[in-house]
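Asker: One structure, as structure tokens, below. Some questions next.
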Amino acid sequence: MQSLTLPWPSKDLSPNARVHWTRRSKAVKQARGYAEVMARRAGWGGLSLPAEGRLDLWISFYPPTRCLPDDDNMLARFKPYRDGIADALGIDDRRFVSHPLIEDEVRHAGQVVITITGITQQASNGGPRLHANPAF
């Protein structure tokens, strides 16, 4: 599947940000809507997905500076994007299995590159079994 490139998430989305709830709410709404529109433009809205199963969501964060953020903070900042992508696909975002990677490469203004790969099947013991990502 092709990748989707989104801008660096707003600092207002950080769990460490101390902003008024209305400002955070506005940032969430804007990010979610933007991700949905960009996913649809990339052709992800018309994908034929299985009705069940988990999807591997590979997320590469390219920071705007050499100061590398922690991955749990970036996943929290990424959540509205994840919801927007799920909206474009017409699925519940709980089907995603996130694989975050903070890249060392600095990109101007920062970027987030998302790729969805194979379905994660349920193993015979009931736990998830991840398929290898062919892109890596």
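The values are calculated or read from the model by the stated rules, or taken from the named source; none is laboratory data. None of the values given here were measured: they were computed from a predicted structure. Ideal geometry is used to build each Cβ from the backbone, glycine not excepted, and the neighbour counts take in all protein chains shown.
Asker: Does the range 45-56 hold any residues that are at pLDDT 90 or above and closer than 15 Å to Gly90 by Cα, and which are they? Don't jump to the end; show me each part of the working.
Answerer: Narrowing the range 45-56 to residues at pLDDT 90 or above: 54-56.
Arg54, Leu55, listed by residue number.
Asker: Got at least one residue in the range 34-57 being in contact with a Leu (Cβ under 8 Å, 6 or more places away or on another chain), over 15 Å from Leu6 (Cβ atoms), charged (D, E, K, R) and in contact (Cβ under 8 Å) with a residue 40 or more places away in the chain? Explain how you work it out, then say what you get.
Answerer: Quick first cut of the range 34-57, residues in contact with a Leu (Cβ under 8 Å, 6 or more places away or on another chain) only: 34-35, 38-39, 42, 44-45, 47, 49, 55-56.
Those still in the list that are over 15 Å from Leu6 (Cβ atoms) too: 45, 47, 49, 55-56.
Next, from what is left, pick out any that are charged (D, E, K, R): 56.
With the extra rule that they be in contact (Cβ under 8 Å) with a residue 40 or more places away in the chain, the set shrinks to 56.
Checked the range 34-57: at least one residue is in contact with a Leu (Cβ under 8 Å, 6 or more places away or on another chain), over 15 Å from Leu6 (Cβ atoms), charged (D, E, K, R) and in contact (Cβ under 8 Å) with a residue 40 or more places away in the chain.
Asker: Would you point out the residue of the range 3-28, among those that are aliphatic (A, V, I, L, M) and part of a loop (DSSP other than H, G, I, E, B), that is modelled with the highest pLDDT? Steps first, please.
Answerer: Initial filter on the range 3-28 (aliphatic (A, V, I, L, M)): 4, 6, 13, 17, 19, 27-28.
Keeping just the survivors that are part of a loop (DSSP other than H, G, I, E, B) gives 17, 19.
Values: Ala17: 90, Val19: 93.
Filtering the range 3-28 for residues that are aliphatic (A, V, I, L, M) and part of a loop (DSSP other than H, G, I, E, B), the one modelled with the highest pLDDT comes out as Val19.
Asker: May I ask you to list the residues in the range 92-131 that are within 9 Å of Asp56 (Cβ to Cβ), in contact with a Leu (Cβ under 7 Å, 6 or more places away or on another chain) and at pLDDT 60 or above? Working first, answer last.
Answerer: If we filter the range 92-131 for residues that are within 9 Å of Asp56 (Cβ to Cβ), which is where we start, we get 96-99, 115-120, 130-131.
From the residues that got through so far, the ones that are in contact with a Leu (Cβ under 7 Å, 6 or more places away or on another chain) too are 96-99, 116, 119-120.
Answer for the range 92-131, where residues must be within 9 Å of Asp56 (Cβ to Cβ), in contact with a Leu (Cβ under 7 Å, 6 or more places away or on another chain) and at pLDDT 60 or above: Phe96, Val97, Ser98, His99, Ile116.
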